[in-house]
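Chemist: Below: one structure in structure tokens.
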Amino acid sequence: AMEETYLLNLPGVKKKILAGGTGPLPHFPPGTKLVFHFQTLLDNFERTVIDDSRLAKRPAEIFVGKMFKMEVWETLLTSMRVGEVAEFWCDAVVRLYPIVSKGMRLIAQGKDPLEGQKHMCGMGNLFHYNSTGYPELDELMRTPQPLIFIMELLQVGDPMSYQRESWMMEKDEKMQTVPILHMQGNALVKQRQFREAASKYKEAVLLLKTVQSREMPGDIDYINLGRMIIPLELNYCQCMLELEEYYEVIEHTTELLEKHKDCVKGYYKRAKAHAAVWNEKEDEARRDFAKVVQLDPKLKPVVRQELKRLGENIRSIKKPQFHGKV
């Protein structure tokens, strides 16, 4: 053992190398995949073990620069050579650790780390947890204290692999990518770049569907993932309406409404698409608009306007053929 102590350029972090790695220090450009084992210990006399990735029978993975919740791990790991084992004493990071640990434990059980975060987003909601469901993590929440991480860096992937392996991305990576794509889509919509926005929404939907395909239909995770898909699908359809791709909208909303029979916005967007191709779909448009009002009576005035416009379109083409009573 080399037992050298280093100070990384992070306040409150000390590093001790327990076993030297091989080769030079790797490059870690954004997107580099890091595969590692870790143990988390309390800095007490017994050095109580809180987490140990080897018990989960699989190493942990993060991608450099991809908004992992605990950036400090990125800093620790990028100070290491492949095969190196090092012990880090950390004072700085610990407030977030219980959240990260909870996420990792859920992932190790094959669950969704975003469970219980339905209507919130980003870091703000991390502090709404009163309990993580794990007593030892709750204790850490109440009384933050230094932690010791023993890390072994197993593998450093090349950054191109991030794009190439997106279909193999671990579930938590996919789940972290979805809100980023969602925000990018929204930003593109503001710039009226509907085609580009649509492709961001579509990518996010595909990621969620991939994760969902590995869950048991009817399971809580399966259902929650289905709910997360709805706003992205609706945004996609809105872009398609703007691009006048009406049949695309009809196809997507119909599929959505088969699964979510009371989705008002789904009926509304489909009604708009039907109304746009009214020479074929006038009856369907009227039926969908009626359904919108039935599900949400507050939308009556909006629907009245839409029906008026539909009627005007039809009258402007269909000249009355009979003037007298029939």
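Chemist: Tell me, which residue of the stretch 20-37 that is touching a Leu at 6+ places or on another chain (Cβ under 9 Å) and within 16 Å of Glu87 (Cβ to Cβ) is surrounded by the most Cβ atoms within 10 Å (Cβ to Cβ)?
Modeler: Among residues in the stretch 20-37 that are touching a Leu at 6+ places or on another chain (Cβ under 9 Å) and within 16 Å of Glu87 (Cβ to Cβ), the one surrounded by the most Cβ atoms within 10 Å (Cβ to Cβ) is Phe36.
Chemist: Quickly run through the stretch 146-160 and pick out the residues that are outside any strand (DSSP E or B), out of contact with any Lys or Arg (no Cβ under 6 Å at 6 or more places or on another chain) and open to solvent by less than 60 Å² (accessible area, probe 1.4 Å).
Modeler: Once the filter is applied, which keeps residues that are outside any strand (DSSP E or B), out of contact with any Lys or Arg (no Cβ under 6 Å at 6 or more places or on another chain) and open to solvent by less than 60 Å² (accessible area, probe 1.4 Å), the stretch 146-160 yields Pro146, Pro159.
Chemist: Can you tell me which condition Glu215 does not meet? The list is (1) under 17 Å from the mean Cα position of the chain (by Cα); (2) in a helix (DSSP H, G or I), and all the others hold.
Modeler: Result: Glu215 fails condition (2) only.
Chemist: Name the residue, out of Arg214, Arg227, that is open to solvent by 60 Å² or more (accessible area, probe 1.4 Å), closer than 18 Å to His182 by Cβ and not polar (S, T, N, Q).
Modeler: Of the residues listed, the single one that is open to solvent by 60 Å² or more (accessible area, probe 1.4 Å), closer than 18 Å to His182 by Cβ and not polar (S, T, N, Q) is Arg227.
Chemist: Sticking with this structure for a sec: Would you confirm whether any residue within the stretch 286-307 is touching a Ser or Thr at 6+ places or on another chain (Cβ under 8 Å), without any contact (Cβ under 8 Å) to a residue 40 or more places away in the chain and part of a helix (DSSP H, G or I)?
Modeler: no
Chemist: Would you check which residues across the stretch 277-313 are within 15 Å of Tyr246 (Cα to Cα), aliphatic (A, V, I, L, M) and surrounded by fewer than 18 Cβ atoms within 10 Å (Cβ to Cβ) and list them?
Modeler: Hit for the stretch 277-313 is Val277, nothing else.
Chemist: Is it fair to say Glu245 is at pLDDT 90 or above, open to solvent by 50 Å² or more (accessible area, probe 1.4 Å), under 26 Å from Glu196 (Cβ atoms) and of a type outside the set (Val, Ile, Thr)?
Modeler: Criteria met by Glu245.
The values are calculated or read from the model by the stated rules, or taken from the named source; none is laboratory data. The structure displayed is predicted, hence computed values, not measured ones. Positions of Cβ are generated from backbone atoms using ideal geometry, with glycine treated the same way; all protein chains shown enter the neighbour counts. Note: accessible area is taken over every heavy atom of the protein model, side chains too, but ligands, DNA and RNA are not part of it. Shrake-Rupley method; radii C 1.70, N 1.55, O 1.52, S 1.80 Å.
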